[in-house]
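Working notes, structure below.
Read the figures in this text as sums done on the coordinates, not as results from a lab. Everything numeric in this text was worked out from a predicted model, so none of it was measured. So basically every Cβ, Gly included, is an ideal-geometry build from the backbone, and we count neighbours across all protein chains shown.
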Amino acid sequence: MAKQPVLSLAGLSAGYFGTPVVRDLALTVQRGEVIALLGANGAGKTTTVNTIGGLLKPISGEVRLNGASVGGTPAHLLARKGVALVPENRALFPGLTTREHLRLAKSADGLSQQDLLELLPELTKCLDRRVGLLSGGEQQMLAMGRALMARPTLLIIDEMSMGLAPVIVERLLPVLRRAAEDLDTAVLLVEQHVSLALQVADRAYVLSHGRLVLSGHAASLREDRELLRKSYMGEL
Ligand code: ATP
């Protein structure tokens, strides 16, 4: 019998003021999987993840978490159910240190700071530095680490590579794999850097103009670059 997905979307339409920008989306993420949601600017990726994360209400269709319908549940309640969203802007406090961010994120059944530093040893040297003085890559590492403190069942990262050089992104990608493997988290990664995302993902979905145009195993999508290019450009 197939495992029940942590996240499943069915017939999901989402958008603004009742007008859908994403239509009829179906997608699943299992525990321990890294799934990439790909698409050009404006394809609807942020709208999708904000709807999953409870920042937007679905217009129609289903958002299920471990089989239970959660569409329209506000973000703070979804957080208690194990959903962690790292937004595009990372939402860090520049005047606080890394250690203070981790302390604020600590929860009773989550990771200790020591557990987190074993998972992300790169953060150790940043502990007593104010976040405003960290590099972009260190800030993104902290944003992901802070989200992992709660041991989320579903970790959603919007545009991990925003503003970062590809060489920095390559150093961040293994964090997602470690979260999936060591914490058994389901990871949904939104990316515009297709080839970087396909390096780490198990499977990927491609959105174009708000519709799902392609999905499959990352390995086969990596091989069929032309199909991927066409789907990305909305030419399928
Ligand atoms: P990007 O990488 O540029 O963020 P995206 O794939 O994440 O792209 P979305 O941000 O989800 O795309 O945008 C999808 C569509 O929804 C776009 O046409 C955008 O203009 C529109 N949109 C986004 N935010 C709003 C909003 N607050 N109100 C109205 N329309 C919006």
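Which three semi-axes in whole Å describe the equivalent ellipsoid of segment 125-236, each the square root of 5 times a Cα gyration tensor eigenvalue, listed largest first?
28, 16, 12
Taking R0 as 30 Å, what's the FRET efficiency between K125 and R177 from their Cβ-Cβ distance, rounded to 0.05?
Working from the Cβ atoms, E equals 0.90.
If you build the Cα gyration tensor of segment 152-204 and take the root of 5 times each eigenvalue, what three semi-axes come out, in whole angstrom, biggest first?
18, 11, 10
Which percent, to the nearest 5, of DSSP beta bridges fully inside the chain are antiparallel?
Antiparallel: roughly 55 percent of the beta bridges in the chain.
Can you give the extra length, in nm with one decimal, that the chain gains between K106 and L77 once fully stretched, where that is 0.36 nm per residue apart less the Cα-Cα distance?
In short, 8.8 nm is gained.
Gain in length, V167 to A10, computed as 0.36 nm per residue apart minus the alpha-carbon separation, to one decimal in nm?
52.9 nm
Which residues in segment 116-158 have a backbone N closer than 14 Å to a point placed 7 Å from the Cα of F93 along the Cα-to-Cβ line?
130-132
So what are the three principal axis dimensions of the chain from its Cα atoms, in whole Å, longest to shortest?
For the chain, the Cα spread along each principal axis is 50, 40, 36 Å.
Normalise the Cα radius of gyration of segment 83-177 by 2.2 N^0.38 Å (N = residues in it) and let me know the number.
This ratio for segment 83-177 stands at 0.98.
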